[in-house]
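Report on the structure given below.
What follows is calculated from the coordinates using simple rules that are stated; it is not laboratory data. Everything numeric here is computed off the predicted structure, so don't read it as measured data. Cβ sites come from the backbone with ideal geometry, for glycine too, and all protein chains shown count toward neighbours.
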Amino acid sequence: MLTPDQVTALAPDASSFKAGRDLAVARKWQTLGKDSRALWGLALGSGKNPYQTCVSLDDIAFKCSCPSRKFPCKHALGLLFLGAENASALTEERPPDWVTEWLDARTKREQKVSEMEAAPKKAKDEDAARKRREKRGDRIDGGIDQLEQFLTDTIRGGIGQSEVAAPGHWEALARRLVDAQAPGLAGMVRNLSFLPHSEPGWETQLLHELGSLHLLIAAYRKRESLDPDLRAEVAQRVGWPVEKEEVLARKGIADRWFVATRQITESDRLLTSASWLFALDSGHWALVLNFAALPARPVEPWPLGSVVETELIPYPGVAPDRALPRTDSAPARLPESLPEAPDSIRTLLRRTADTLGRNPWRSRHPFYLAAQPARHAGRPVLVDTTGEALPWKPGTGEEDMLASICAGRAIPLAGEWNGRHLSVLAASNSGSWFSLQAPPP
Amino acid sequence: MNTPSLTGTALLGTARMAELPPPSHPLLATPWSELAGQESARALLQAAALEKAALHAGAVPITDVATPEPCPEDRLPVAPPGAVQALARILNGDYARNLHEWLTAAIAARVLAPPRILPALLEKGSREKEFRPLIATVSGSRGPWLARRHERWGWALAAGQHDEDSFALDAWETGTTAERIAWLARERRRDPAEAAKTIGESWATESPESREAIAALVATTPDPADIAWLESLALAERRQAIRQSARQALIALPESDYHRRTVLRAGTLLEVRRKGLRKVITLQAPAAFDPLWHADGIKEKPPTGTGEKAWWSRQLIAAVPLDLWSGILGIDAPFSHALDSDWRETILLGWLDAARLPSRPDHLQALLELLVTEDLKKFTAPPDLSAVIREMVAPLPSPLQSDILEAIAPRLEKPTALALLANLQPAVRSRAHPRLHTLLRDGCRDTQSTLTRPDAAALASCIEPSAIPDFLLALSKISDLTASAEEFARTLEFRQTYLPHLTPRND
């Protein structure tokens with residue numbers, strides 16, 4: 001069963017959350033029930049017939065006969081909140097037919113999907129695909145020439161020129177790179193437009209990012225002479241897509257993965273849900289991404305704070321962070337106690353240095369660390385149990401909140417280190433693991 | 001200017017660069033030398049990439065960080081998750097009026113607010129003073145620990161703190177107002193005479209704000225040791241709030257001059273006399289305004305419509321707390337006694353004003369029972385009945401509020417009674433308060449009612465926890481709930497999300 005925090009994190013938006021909360025009372029339901037596989041209920045709506053709502057507990061999947069396009073809908077959220085807070089209200093013990101039918105159909109469908117995946121793929125039109133790739137390669141080469149010209153012009157004139165700080169300066173270039181089918185480069189360029197005047201020392205930061213970008217295009221031009229992993233890394237960063245099949249053909253890491261952080265960001269109505277998973281046995285980290293176009297929400301099979309025993313397959317590349325689950329259907333369970341936080345500031349810096357030594361473009365370094373907030377020279381820092389600290393960039397209200405939870409003692413925290421400051425994305429409070437991004441509590 | 005940095009050069013542009021600036025770290029010397037022959041813009045960009053990688057890979061921890069002294073461990077557990085969710089919703093603005101109940105229920109259940117929500121609770125306490133004592137209690141030891149983080153949370157340091165050692169010794173000399181008042185409260189408990197001496201000595205140098213805070217503290221806990229400075233200094237203050245606090249303190253101290261002269265005036269004003277067959281409380285109106293009254297806050301000029309003598313008499317009566325009248329008049333139950341019909345309004349209004357001073361609940365109830373039977377239309381300056389009741393009942397603990405309202409309910413019009421309940425939200429227990437219970441039951445079902453939704457939510461908060469399921473069952477049988485009844489039901493359901501998790505414990 002999920003905790004109220006995890007149900008909150010599932011809500012697609014604030015209004016669904018509120019509506020779901022209001023539905024978490026028995027009065028709004030005709031019948032309510034649960035067994036080991038599912039929660040179900042008949043929700044009294046405005047229509048003549050109640051809605052049939054069902055949540056499958058194995059993989060947290062939802063079904064509701066209401067017309068809402070939100071996912072999960074308020075009825076499913078209400079049912080989950082009831083299950084989390086007031087399970088005794090779910091009195092029915094035997095699932096009605098419509099519940100078992102849905103659950104059985106799901107199991108069948110899953111079997112079918114895995115059979116289909118196992119079946120050999122139809123041979124694609126190799127010839128046409130090769131032509132498309134060649135065409136794309138030409139366009140990217142053109143985009144890269146433009147980018148290099150732009151970078152060297154900018155450096156010759158100096159980054160102190162006023163137009164460098166104008167948002168349109170980088171945006172126009174980013175658009176040209178999108179046209180050149182190099183979305184990776186476009187994204188890096190777009191990020192540059194946020195730097196000017198963002199914090200003291202932004203000039204150095206901008207210069208370093210320009211250097212990084214230049215390094216990337218220099219490496220891309222020499223790609224034929226690079227070893228295969230580095231070539232794959234560079235191609236992906238420029239914007240060559242990696243086929244899912246190609247990833248699935250690789251060897252994965254089977255482990256018990258702790259879903260340490262989850263962050264949902266929006267860009268151009270595309271939601272990206274990014275989760276850092278930590279391998280409890282091997283100590284690996286993996287970044288699993290899920291996407292959805294608004295108003296839909298990324299479907300996350302594994303709740304934050306759960307542990308899932310499964311195989312994650314790293315993308316090709318050098319010290320790759322991103323990984324793909326072999327299957328979504330592995331069951332997640334909530335650990336009875338939080339896994340021990342393995343990092344210290346020192347091990348995090350060590351790992352960061354190792355990673356950067358192999359892959360200078362990696363900018364997000366995950367951590368799972370016992371630490372507490374403090375101030376150093378008037379600025380927020382996080383101090384680990386050995387007394388070592390790094391700068392920390394707290395979000396609104398985060399400093400007081402973490403101070404209150406810690407009360408002068410280190411607690412498990414997970415987040416990212418970007419070489420300049422730490423960001424905390426999830427923390428523990430009274431044994432429950434929660435996302436700092438979720439609506440408060 | 002120092003040696004040119006990479007950034008400094010980049011700001012100006014390589015068009016003006018003579019040669020690549022030296023590397024920022026000796027380790028970069030070898031790769032740097034390979035950049036020498038390259039075109040200057042490319043060389044600078046490559047140098048920047050090197051510098052970034054070196055900088056990020058070579059980051060070192062900060063070592064000399066002072067961590068805060070750990071907060072003492074709490075012995076009480078944190079409220080269970082269901083109750084915590086409800087508190088989070090309350091603080092987000094849903095069902096905001098149920099905060100009081102949540103806090104009192106948590107205190108009775110001997111659980112603490114979760115640390116994650118504490119900053120939001122402390123903010124709430126900074127904005128709304130009446131929650132401070134409750135918030136301080138559910139904050140456990142974290143409250144005072146966190147209070148040092150922000151000046152505006154300073155009250156949490158004073159409110160929850162009875163720990164003798166936790167004050168800085170120089171709190172009185174150097175502390176914030178909140179810390180000084182907390183220090184003073186402790187000193188007054190420890191040695192009232194010494195504390196009074198301290199106040200007297202520093203009074204002249206205190207700001208008006210801190211004088212007001214000191215007087216307000218003493219008004220709630222008057223001590224004979226304070227008489228000297230109260231009479232000589234506080235009564236002569238310019239600020240009305242300070243004088244009022246001083247009078248409230250002094251009237252509770254029979255040894256004070258102020259008490260003596262005020263009671264004396266009251267005794268010459270009202271007395272019990274035989275009139276025909278009955279004993280009646282009569283009023284001997286003063287012939288002229290005594291200039292000495294000025295100093296005791298009696299105003300000479302009456303508001304329009306009120307006679308001078310009635311005005312002076314009302315104020316002289318109002319200066320004496322309800323609890324003293326039995327002694328002054330020499331009768332047991334002054335508020336159910338017959339009154340001089342010529343001065344009936346003046347005496348009643350005077351007593352109603354006096355009810356603002358601390359009084360025993362049974363005296364308040366007796367006065368209210370007298371008031372609700374009164375035909376206020378006959379008054380020249382009729383008071384607003386529900387406002388008066390609200391003001392008199394509000395300071396009392398919740399059980400007494402409902403007892404008093406239960407006693408006077410039959411005399412009140414239904415909408416007035418419901419509005420009072422909605423405003424005060426006392427706990428109504430079905431068995432002890434059958435009239436109020438019926439009032440609530442009919443009020444939420446009444447389809448014609450003009451009850452507003454906020455009032456409906458407030459009424460739902462009066463119902464005792466054990467009666468909630470019955471109310472909900474009754475409501476579920478009504479097919480078409482009005483908007484206010486729906487609000488009533490929703491509020492009951494909301495209370496039901498946390499109350500079962502917060503059952504009172506006595507250990």
Where does each of A:397-410, A:347-360 land if you order them by average Cβ count within 10 Å, highest first?
A:397-410, A:347-360
Under-5 Å amide H pairs with A:ALA61, H placed in peptide plane, nonlocal only:
A:SER56
Go through the stretch A:409-419 residue by residue and turn each phi into a ³J(HN,Hα) via Karplus (6.51, -1.76, 1.60, θ = phi - 60°); whole Hz please, and just put x for glycine and proline.
10, 6, 10, x, 9, 10, x, 10, 10, 10, x
Residues with amide H under 5 Å from that of B:ALA109, placed H, sequence gap 5 or more
B:ARG505
Report, in debye and to the nearest 20, how large the dipole of the stretch A:202-298 comes out about its Cα centre when Lys and Arg carry +1 and Asp and Glu carry -1 on their Cβ.
160
10 Å Cβ shell holding at most 13 others, DSSP loop, GluC sites (Glu not before Pro): longest site-free stretch of chain B
B:301-412
Find out how many positive minus negative residues lie around B:LEU322, taking Lys and Arg as positive, Asp and Glu as negative, among other residues whose Cβ is under 14 Å from that of B:LEU322.
-4
How far is helix A:74-85 tilted, in degrees, relative to the longest principal axis of the Cα atoms in chain A, given as a value from 0 to 90 rounded to the nearest 10?
80
If I model a spin label as a point 7 Å beyond the Cα along the Cα-Cβ vector, how far apart are those points for A:ARG346 and A:SER282 in nm?
2.7
Nearby lysines by direct alpha-carbon distance to A:LYS393 (threshold 21 angstrom, same-chain neighbours under 8 apart not counted)
B:LYS52
Using the Karplus equation 6.51 cos²θ - 1.76 cosθ + 1.60 (θ = phi - 60°), what ³J(HN,Hα) coupling, rounded to whole Hz, does each residue of the stretch A:38-47 give in order, writing x for Gly and Pro?
8, 10, 8, x, 9, 8, 7, x, 7, x
Of B:PRO68, A:PRO314, B:VAL138, which is farthest along the charge dipole of the protein assembly as shown in the positive direction, counting Lys and Arg as +1 and Asp and Glu as -1 at C-beta?
A:PRO314
Nothing charged except the Cβ atoms of Lys and Arg (+1) and of Asp and Glu (-1): what's the magnitude of the dipole of the protein assembly as shown about its Cα centre? Round to the nearest 20 debye.
1840
What are the membrane-span-like helices in chain B by this rule: whole DSSP H runs, Cα extent along the axis at least 24 Å, mean Kyte-Doolittle hydropathy at least 0.5?
B:40-57
Compare the peptides A:178-185, A:224-231, A:143-150 by average per-residue count of other Cβ atoms within 10 angstrom and give them in order, highest first.
A:178-185, A:143-150, A:224-231
What is the sum of charges around B:PRO23, taking Lys and Arg as +1, Asp and Glu as -1, for the other residues whose C-beta is under 12 Å from the C-beta of B:PRO23?
-2
Go through the stretch A:1-95 and name the GluC sites (Glu not before Pro) that are in a DSSP coil and have 16 or fewer other Cβ atoms within 10 Å of their Cβ.
A:GLU93
Run the reach check for A:LYS63 against aspartates and glutamates, Cα to Cα strictly under 12 Å, same-chain hits fewer than 8 apart removed. What comes back?
A:GLU101
Straight-line reach from B:LYS299: which aspartates and glutamates have a Cα under 17 Å away, not including same-chain ones fewer than 8 places off?
B:GLU237, B:ASP290, B:GLU308, B:ASP353
Ignoring chymotrypsin sites (Phe, Trp or Tyr not before Pro) that are buried or in helix or strand per DSSP, and keeping those with at most 16 other beta carbon atoms within 10 Å, what is the longest stretch of chain B between them?
B:1-288
Relative to the longest principal Cα axis of chain A, at what angle does helix A:97-118 sit, 0 to 90 degrees, rounded to 10?
30
Take every residue in peptide A:394-407, count the Cβ atoms of other chains within 10 Å of its Cβ, and give the average of those counts.
5
Under 10 Å, Cα contacts only: if you run a Gaussian network model on chain A, which one of A:LYS48, A:LYS251, A:LYS112 comes out with the highest mean-square fluctuation?
A:LYS48
Net charge within 12 Å of A:GLY184 by Cβ-Cβ distance, Lys/Arg positive one each and Asp/Glu negative one each, not counting A:GLY184 itself?
+1
